[in-house]
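Undergrad: What follows is a structure written as C-alpha cells; I'll ask about it next.
The values are calculated or read from the model by the stated rules, or taken from the named source; none is laboratory data. It should be emphasised that the depicted structure is a prediction, and the values quoted were computed from it without experimental measurement. Because the Cβ atoms are built from the backbone with ideal geometry, glycine has one as well, and the counts that use them run over all protein chains shown.
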Amino acid sequence: MSDTPPTPIPVTILSGFLGSGKTTLLNVLLRAPHGLKLAVIVNEFGAVGIDGALVPQGETFVELDNGCLCCALNEDLVATLEQLVAKGGIDHIVIETTGLADPLPVAWTCTRPSISAALRVDAIVTVVDARAIGVALKDSLEARMQVNRADVLVLNKLDLVDDGGAQAQEHIRAHNDQAPVLRAVQGQVPWPLVLGHGADGPGRPERDEAPDAEHGHGHGSARYQTYSYTLPADRAVDEAAVEALTYRVPEAVFRFKGLLRVDSPEGPWLLINGVAGRIDLRFMTPEPAPKASAMVFIGQNLDAPALQALCAEALEVAP
C-alpha cells in the first residue's frame, strides 16, 4: 500500500466588490469546456439568496445565505469544506465570497487542521468593475482589501468605459502592482487563467499568518445593512412597475438586485441588477426555479420601512 498522500484539491476564492460581476464570471467558469468536476460555494450578504438561482447547479453546489465567509473561523464554511473533502470525486472548489468580504481570511480557513492536508488555495481572484472601481477604492475598505489580496485581477465591464480601462488599471495598480490583470467583458476570460493559476502571490496566507484582527464584522452592521423583500414564487408582478421601482431606489442604497416572477412572453422571471447608477433588467428562466421572488437592497443607513413601502406599492402588495 502506498503512503503517498492524496493530491490536495485546489481552491479558487472568487472575490470582488458589490456589482463587480463575480457571478457572471462564475457562470463562465462553469460552462467552460474544462471537464473538471467543480464544487461551488456561494455566499451572499443578505437574508435572501438571489445569486444562487443564477448559477447552473452541476456536480456540487452549496449556498450559504446571510453568512460571513470573511471570518477565518466560520464553522459553516469549515463544515462544508470537510463534507466536500469526505465526498471525494471533486477536481476543484470555487468559493464565491460576498461583495463585502475580505478574501484573505477565507483562504486562511482552508489551512484549518481538519482540512489543510486535503486543500490547496490555488488563487484569490478579484473581479473589478472598470467603471466603478475608483469610487469603490476611495470609499470602501473592503474594496481595497479585495484588490490588495488578489493573486489575479479580472478587470471586468470594459465595455462600459471609454478609455479601454486605463484609468481603472491605474487605480488598482496603486493597491496591487504584482497580480496579473485579465481584461474582460461579461466575465469572459480564459478558464485556465482562473482555475489553474497555482502561483504564489500577495493573497496567499502562510500558516503562521494570523487573520486581520482589525477586520471584525463592521460590514454587517455599522458599515452596511441589507433589506430583503420576498413574494411567493407563484405570484407574478408587473414588469413596468418593477422598472419604475428601480428608478425610485433611494441614494442610501449602493446596490440592489432581484429575481421576480413576471407574466411576460419574454421569460417567466425578471433579473434586476442596480449598482453605481446603472440598472440592468433582463428576462431569464433559472433552473431550478426559485422558491420565492425577492428583492435585496444593500447600503448604508437604510430606511427599512421606506423600502418596504416602496416594494409593496410597486409590487401591488399591502405593506
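Undergrad: For segment 6-33, enumerate the residues that are within 15 Å of ASP129 (Cβ to Cβ) and not hydroxyl-bearing (Ser, Thr, Tyr).
TA: Scanning segment 6-33 gives LEU14, GLY16, PHE17, LEU18, GLY19, GLY21, LYS22, LEU25.
Undergrad: Can you tell me which residue within segment 223-244, out of those that are part of a loop (DSSP other than H, G, I, E, B) and not aliphatic (A, V, I, L, M), is surrounded by the fewest Cβ atoms within 10 Å (Cβ to Cβ)?
TA: ASP234
Residue by residue, here is whether (1) more than 14 Å from ILE13 (Cβ to Cβ); (2) touching an Asp or Glu at 6+ places or on another chain (Cβ under 7 Å) holds:
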position	(1), (2)
VAL121	no, no
ILE124	no, yes
ARG131	yes, no
LEU137	yes, no
GLN169	yes, no
ASN176	yes, no
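Undergrad: Six or more apart or on different chains, Cβ under 6 Å: which pairs go from a residue in segment 127-152 that's basic (Lys, Arg) to one that's part of a helix (DSSP H, G or I)? Could you list them?
TA: Once the first residue is basic (Lys, Arg) and sits in segment 127-152, its partners that are part of a helix (DSSP H, G or I) give ARG131/LEU160; ARG144/LEU137; ARG149/PRO103; ARG149/LEU104.
Undergrad: Of all the residues that make up segment 291-305, how many are of a type outside the set (Gly, Ala, Ser), in contact (Cβ under 8 Å) with a residue 24 or more places away in the chain and surrounded by fewer than 20 Cβ atoms within 10 Å (Cβ to Cβ)?
TA: 5
Undergrad: Still on this structure, I have one more. Can you confirm whether PRO103 is of a type outside the set (S, T, N, Q) and modelled with pLDDT under 85?
TA: no
Undergrad: Can you spot a residue in segment 54-77 that is of a type in the set (D, E, K, R), exposed (fewer than 15 other Cβ atoms within 10 Å of the Cβ) and modelled with pLDDT of 50 or more?
TA: Yes - at least one qualifying residue is present in segment 54-77.
Undergrad: Hey, VAL253 hits all of (1) in contact with a Gly (Cβ under 6 Å, 6 or more places away or on another chain); (2) under 19 Å from THR24 (Cα atoms) but one; which does it fall short on?
TA: (2)
Undergrad: Name the residues in segment 260-317 that are over 23 Å from GLY99 (Cβ atoms) and part of a strand (DSSP E or B), would you?
TA: Within segment 260-317, ARG261, VAL262, PHE283 meet the criteria.
Undergrad: Would you pick out the residues in segment 141-184 that are under 24 Å from ASP122 (Cβ atoms) and part of a loop (DSSP other than H, G, I, E, B)?
TA: If the condition is that a residue be under 24 Å from ASP122 (Cβ atoms) and part of a loop (DSSP other than H, G, I, E, B), then ALA150, ASP151, HIS175, ASN176, ASP177, GLN178, ALA179, PRO180, ALA184 are the ones that fit.
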